[in-house]
1. Calculate how many DSSP beta bridges within region 53-348 are antiparallel, expressed in % of all such bridges and rounded to the nearest 5.
2. If I require 18 Å or longer along the helix axis, counting alpha carbons, and a Kyte-Doolittle average no lower than -0.5, what helices from the chain are left? Use full DSSP H segments.
3. How far is it, in nm, from the label point at K185 to the one at E364 when both lie 7 Å from their Cα along the line to the Cβ?
4. Which entries in K83/K352; K56/K294; K29/K83; K185/K320; K83/K180 show an alpha-carbon gap greater than 30 Å?
5. Name the residue, out of T21, T95, T168, whose mean-square fluctuation peaks in a Gaussian network model built on the chain with Cα pairs under 10 Å.
6. Counting only C-alpha contacts under 8 Å and six or more residues apart, can you give the relative contact order of the chain as a whole percent?
7. Would you kindly state how much longer the chain becomes between V150 and L279 on full extension, computed as 0.36 nm times their sequence separation minus their alpha carbon distance, in nm to one decimal?
8. Taking the Cα-to-Cβ direction at V31 and at I135 and moving 7 Å from each Cα, how far apart do the two end points lie in nm?
Amino acid sequence: MTEIKGIKGKVYVEGEGIIETTVTIENGKIVAIGKTEGEFLELEENQILVPGFVDKHIHGANNSDSMYPSEEHILNIAKTIAKEGVTSFLPTTMTQSVENINKALKNLGEYIAKNHVEGAEAVGIHLEGPFINKIFKGAQPEEYIIDCDVELFKEFEKNSNYNIKQVTLAYEQNGEELTKYLASKKIVASLGHTNATAKEVLEAAKNGATSLTHSYNAMKPLHHREAGTIGGALLADDMYLEVITDLIHVSSEAIQILYKIKGRDKLVVITDAMEAKHLPDGKYQLGGQDVFVKNNEARLESGALAGSVLKMDDAIRNIKNVLGVSLEEAIDFATINPARNIYIDDRKGSIKVGKDADFAVIDEDINVYKTIRGGKVIYSA
């Protein structure tokens, strides 16, 4: 991998916007911005250096899934998503037998411990299920769904080598104790696959829940006599709202509503991608279930949406176009916002002295030319 000591050109610098400057890198960290002397890679006129993208909810890509208990599969995902400008991700598990979840968590924990330099960095694990509600199971296998259980979570935590960063749970399924426990450990309690009322969501927020998993999808909808899960989350000021911006899971108008209420700082773009991403239409797997992919839609035989095949660069492009926001604002939805939500913004999510030298080189249309992690090129178009 090519190591870069500095970059010169248009740069999206935290607090300053896109400016002409230089970024100096040492030992994988940003050590100076605006330094005039050094060995700089010069960007093309149309290129912009932005923070590397953070996908905190992704199951798989390129025939690999986070539930497959092998190092090679996780590395394959990491390398594949680097093509999209992603430098950090949370490999995401799903509802399965306790035995299979533990196998996946053990593999992921071991993978993270090895600190692979290739591809995007697995900065933790997102446990999606099994603590969810059967009513809104989505593509999660119903037979393995169970109520929230702190002791079982502690077992999961140990098997992951304490790498779980986010847990998707149904708060109404005995979730108060687990939510409080997660908050005490700075693990994100994210409400999802849930029938929680607005009142329950606001109670969960008071107890430390700080995220909503794939907003609108697999949750109690808004109604004028019961504002539902989505209504409660819109009222919870400190809650980050994930959104899958493939324009299949959520309509343009629904995304605009989220933005109008939540603003720039609390929206988080995710892909929720499964193993068919970067592959042609056909039959694939998700949690042991057949998934049929056609025209960018991934569905179970029942017709239920089963994750996505969304790429992060497309996700950012879509939300920028839907909201009509600046490039910087669209980039924030996939960088500093998820980094803050999962407590890694001390080293990820923006271009600032002291942070990791994680970047994507893009143009105004969010085409990815290079992806750089820790000062090393992990993808070049």
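Nothing in this text is a laboratory measurement; each read-out follows from the coordinates by a stated rule. The structure presented is a predicted model; accordingly, all values stated were derived computationally and were not measured. Cβ atoms come from the backbone with ideal geometry, glycine included; neighbour counts cover every protein chain shown.
1. Numbers: 13 of 38 bridges.
Of all bridge pairs located within region 53-348, approximately 35 percent are antiparallel.
2. Values: long enough: 98-114 (24 Å, -0.38).
Helices passing the filter in the chain: 98-114.
3. 4.7 nm
4. Values: K83/K352 23 Å; K56/K294 25 Å; K29/K83 21 Å; K185/K320 34 Å; K83/K180 37 Å.
Distance filter (> 30 Å) returns K185/K320; K83/K180.
5. With Cα springs under 10 Å in the chain, the top fluctuation among T21, T95, T168 is at T21.
6. 21 percent
7. Numbers: separation 129, 0.36 × 129 = 46.44 nm, distance 3.80 nm.
Gain on stretching V150 to L279: 42.6 nm.
8. 5.7 nm
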